[in-house]
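Trainee: Just dropping this structure here.
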Amino acid sequence: MAKIVNSWNDWDPLKRVIVGRCDNSVIPPEEPATSEKVPVDSEMRGMWGLRPLATVERGNECLENLVKILEDRGVVVDRPTPLQWNQAIGTPDFRNDSMMTCMPPRDILLTIGSEIMASANSFRCRYFEYLAYWPLMKQYFDEDPEFKWTQAPRPRLTDASYKHNYYDEKISLEERLVRTANKDFVTTEVEPMWDAADVMRMGKDLFIQHGLTTNRTAMDWFQRYYPEYRVHAVNFPGDPYPIHIDATFVPLRPGLIINNPHRKLPEEQRAIFEANDWQIVEAAQPAHDEPPALCYSSVWLSMNCLVLDPKTVIVEASEVYQQEQMDKLGMNVIPCDLRDAYPFGGGLHCSTADVYREGECLDYFP
Ligand code: ABU
């Protein structure tokens, strides 16, 4: 039986990956955790229900572009099994009128070595999203005797998990930034809550963004679960809607990271990188002034790239400035037309989850 699951970081040579699907995707109804994330002037505010079929088909076409690029380079691509996402859900603790999607996988699955762990998301509408990946998990479990199939402790997501009256449509951008600087987010600390896309894996070190989707109790949980790793909480005070590290702080290879110039890593948190001779470079400007229609994410999906190996990176095809910068940084750039998949939850990194990268667990910060 072969080893199927192995990945310690985002840059070692990629051999097997999961790519999401847009089928049956829903704009979810507002709930405590999502209200804060949707910008007040977004056309999505107050809207919910199945996404228009033409956009689903176009989003899937974009994901097929990515699949083709990967398969042409010999990467094995696995796909989730979408559910009928427009179903009401309930647990003993909450009810929600709908689920969301199985895009993007990066928010749900965290691969560390031979373990893939389903996350503990704070959005109620994402509570059962892991089910779309369970057929793949079962397959890996049957075929790889070393595969560790894990589910993080399921949060209860009762009303106690959220600060009520946190969302206020009148709040200014400046006040949002003060909240970020004060690490005042919509989730409470009653239980660990985290999205896998808030975790940056770097061998023996995990850098985890504290923001709207991941709380401090999650960091504590990670440190206890992985006592042999070093868990670092990171914050990006310039981000009014801090969610997911992969449009903010993106490693390209050992020693090189691009950082969103509007969301700089604070000086004291840079120390560990500088002490170990890592270069932190400001990412190029996005090519677009606005995200596409019905998109939750910011224009900074420009830097949400998929590194295939330390010399090769896939960048969205219209993001010409980011491509140019990658080229100057010594990367071979493969453009991929993916922008119309952004509304389903993200860019190239978001749309994927690592299954196998060559390499082992190294200490990059000795
Ligand atoms: N899922 C990444 C979104 C980050 C951003 O909106 O900038």
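The values are calculated or read from the model by the stated rules, or taken from the named source; none is laboratory data. Here the structure is a predicted model, which means the values were calculated and not measured. Using ideal geometry, Cβ is built from the backbone for each residue, glycine included, and neighbour counts are taken over all protein chains shown. Just the protein is used for accessible areas: all its heavy atoms, side chains included, with ligands, DNA and RNA removed. Shrake-Rupley method; radii C 1.70, N 1.55, O 1.52, S 1.80 Å.
Per-residue answers, yes or no, for (1) within 16 Å of the ligand (Cβ to nearest atom); (2) in contact with a strand residue (DSSP E or B) (Cβ under 8 Å, 6 or more places away or on another chain); (3) farther than 30 Å from Asp363 by Cβ:
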residue: Ala160; (1), (2), (3): no, no, yes
residue: Arg176; (1), (2), (3): yes, no, yes
residue: Arg179; (1), (2), (3): no, no, yes
residue: Lys183; (1), (2), (3): no, no, no
residue: Ala197; (1), (2), (3): yes, no, no
residue: Asn215; (1), (2), (3): no, yes, no
residue: His232; (1), (2), (3): no, yes, no
residue: Asp239; (1), (2), (3): yes, no, no
residue: Pro251; (1), (2), (3): yes, yes, no
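Trainee: For the stretch 145-197, which residues satisfy the criterion of being assigned to a loop (DSSP other than H, G, I, E, B), open to solvent by less than 40 Å² (accessible area, probe 1.4 Å) and not hydroxyl-bearing (Ser, Thr, Tyr)?
Mentor: Going through the stretch 145-197, the residues assigned to a loop (DSSP other than H, G, I, E, B) turn out to be 145-147, 152-158, 163-172, 182-186, 188-193, 195.
Keeping just the survivors that are open to solvent by less than 40 Å² (accessible area, probe 1.4 Å) gives 147, 152, 155, 157-158, 166, 171-172, 185-186, 188, 191-193, 195.
Across the stretch 145-197, the qualifying residues are Phe147, Ala152, Pro155, Leu157, Ile171, Phe185, Val186, Glu191, Pro192, Met193, Asp195.
Trainee: Right, another one. I need the full set of residues from the stretch 145-189 which are within 24 Å of the chain's Cα centre (by Cα) and among the basic types (Lys, Arg), in order please.
Mentor: Selection gives Lys148, Arg154, Arg156, Lys163, Arg176, Arg179, Lys183.
Trainee: Sticking with this structure for a sec: Among the numbered conditions (1) surrounded by fewer than 18 Cβ atoms within 10 Å (Cβ to Cβ); (2) at pLDDT below 95; (3) not acidic (Asp, Glu), tell me where Cys102 comes up short.
Mentor: Going through the list (1) surrounded by fewer than 18 Cβ atoms within 10 Å (Cβ to Cβ); (2) at pLDDT below 95; (3) not acidic (Asp, Glu), Cys102 breaks only (1).
Trainee: Then there is this: Across the stretch 62-79, which residue is surrounded by the fewest Cβ atoms within 10 Å (Cβ to Cβ) among those that are not basic (Lys, Arg) and not in a helix (DSSP H, G or I)?
Mentor: Going through the stretch 62-79, the residues not basic (Lys, Arg) turn out to be 62-67, 69-72, 74-78.
Those left that are additionally not in a helix (DSSP H, G or I): 74-78.
On the way: Gly74: 8, Val75: 20, Val76: 13, Val77: 17, Asp78: 17.
That would be Gly74.
Trainee: Return the residues of the stretch 264-277 that are part of a loop (DSSP other than H, G, I, E, B) and open to solvent by less than 20 Å² (accessible area, probe 1.4 Å); say none if nothing qualifies. Spell out the reasoning first.
Mentor: Of the stretch 264-277, the ones part of a loop (DSSP other than H, G, I, E, B) are 264-266, 276-277.
Scanning the stretch 264-277 gives a single hit, Leu265.
Trainee: Anything in the stretch 319-340 that is free of Cβ contacts under 8 Å to residues at least 40 places away in the same chain and either touching a Ser or Thr at 6+ places or on another chain (Cβ under 9 Å) or of a type outside the set (S, T, N, Q) (or both)? List them, or say none.
Mentor: Glu319, Val320, Tyr321, Gln322, Asp327, Lys328, Gly330, Asn332, Val333, Pro335
Trainee: Those residues that are in a loop (DSSP other than H, G, I, E, B), open to solvent by 10 Å² or more (accessible area, probe 1.4 Å) and modelled with pLDDT of 95 or more, I need them from the stretch 4-50; list them, please.
Mentor: Of everything in the stretch 4-50, those that are in a loop (DSSP other than H, G, I, E, B), open to solvent by 10 Å² or more (accessible area, probe 1.4 Å) and modelled with pLDDT of 95 or more turn out to be Ile4, Trp8, Asp10, Asp12, Pro13, Asp23, Asn24.
Trainee: Give the number of residues within the stretch 321-345 that are crowded, with 18+ Cβ neighbours inside 10 Å, in contact with an Asp or Glu (Cβ under 8 Å, 6 or more places away or on another chain) and farther than 21 Å from Glu282 by Cβ.
Mentor: 5
Trainee: Now, a different point. Within the stretch 338-357, is even one residue in contact with a Phe, Trp or Tyr (Cβ under 8 Å, 6 or more places away or on another chain) and over 23 Å from Pro105 (Cβ atoms)?
Mentor: Looking through the stretch 338-357, none of the residues is in contact with a Phe, Trp or Tyr (Cβ under 8 Å, 6 or more places away or on another chain) and over 23 Å from Pro105 (Cβ atoms).
Trainee: What pairs come out if I take residues in the stretch 205-221 that are assigned to a strand (DSSP E or B) and pair them with residues that are basic (Lys, Arg) whose C-beta lies under 9 Å away, six or more apart or interchain?
Mentor: That search, which allows pairs on different chains as well, returns Asp205/Arg230; Leu206/Arg230; Phe207/Arg201.
Trainee: Follow-up question, since we're still on this one. Of everything in the stretch 92-144, what is in a loop (DSSP other than H, G, I, E, B) and either of a type in the set (Lys, Arg) or within 19 Å of the chain's Cα centre (by Cα) (or both)? Give them in sequence order.
Mentor: From the stretch 92-144, those in a loop (DSSP other than H, G, I, E, B) are 92-94, 97-101, 103-104, 108, 114, 119, 121-123, 127-128, 144; that's our starting set.
Selection gives Met99, Met100, Thr101, Met103, Pro104, Ile108, Ser119, Asn121, Ser122, Phe123, Tyr127, Phe128.
Trainee: Follow-up. Name the residue, out of Val281, Val313, Val355, that is among the aliphatic types (A, V, I, L, M), within 21 Å of the chain's Cα centre (by Cα), away from the ligand (no atom under 16 Å from the Cβ) and surrounded by fewer than 16 Cβ atoms within 10 Å (Cβ to Cβ).
Mentor: Details: Val313 fails: surrounded by fewer than 16 Cβ atoms within 10 Å (Cβ to Cβ); Val355 fails: surrounded by fewer than 16 Cβ atoms within 10 Å (Cβ to Cβ).
Of Val281, Val313, Val355, the one residue that is among the aliphatic types (A, V, I, L, M), within 21 Å of the chain's Cα centre (by Cα), away from the ligand (no atom under 16 Å from the Cβ) and surrounded by fewer than 16 Cβ atoms within 10 Å (Cβ to Cβ) is Val281.
Trainee: I'd like the residue in the stretch 80-98 that is open to solvent by less than 60 Å² (accessible area, probe 1.4 Å) and touching a strand residue (DSSP E or B) at 6+ places or on another chain (Cβ under 6 Å) and, out of all such residues, is farthest from the ligand (Cβ to nearest atom). Give the steps one after another, and end with the answer.
Mentor: Going residue by residue through the stretch 80-98, those that are open to solvent by less than 60 Å² (accessible area, probe 1.4 Å) are 80, 82-83, 85, 89-91, 93-94, 96, 98.
Those still in the list that are touching a strand residue (DSSP E or B) at 6+ places or on another chain (Cβ under 6 Å) too: 80, 82, 85, 89, 96, 98.
On the way: Pro80: 17, Pro82: 19, Trp85: 18, Ile89: 22, Asn96: 20, Ser98: 20 Å.
It comes out as Ile89.
Trainee: State all residues of the stretch 286-307 that are surrounded by 24 or more Cβ atoms within 10 Å (Cβ to Cβ) and part of a loop (DSSP other than H, G, I, E, B); if no residue qualifies, say none. Talk me through it step by step, then tell me what you get.
Mentor: So the first thing to find is which residues in the stretch 286-307 are surrounded by 24 or more Cβ atoms within 10 Å (Cβ to Cβ), and the list is 301-307.
Selection gives Asn304, Cys305.
Trainee: Still on this structure: Checking the condition touching a Phe, Trp or Tyr at 6+ places or on another chain (Cβ under 7 Å) and over 23 Å from Leu110 (Cα atoms), which residue from Thr187, Thr158 passes? Break it down into steps so the answer makes sense when it comes.
Mentor: Working: Thr187 fails: over 23 Å from Leu110 (Cα atoms).
Unique residue meeting the criteria: Thr158.
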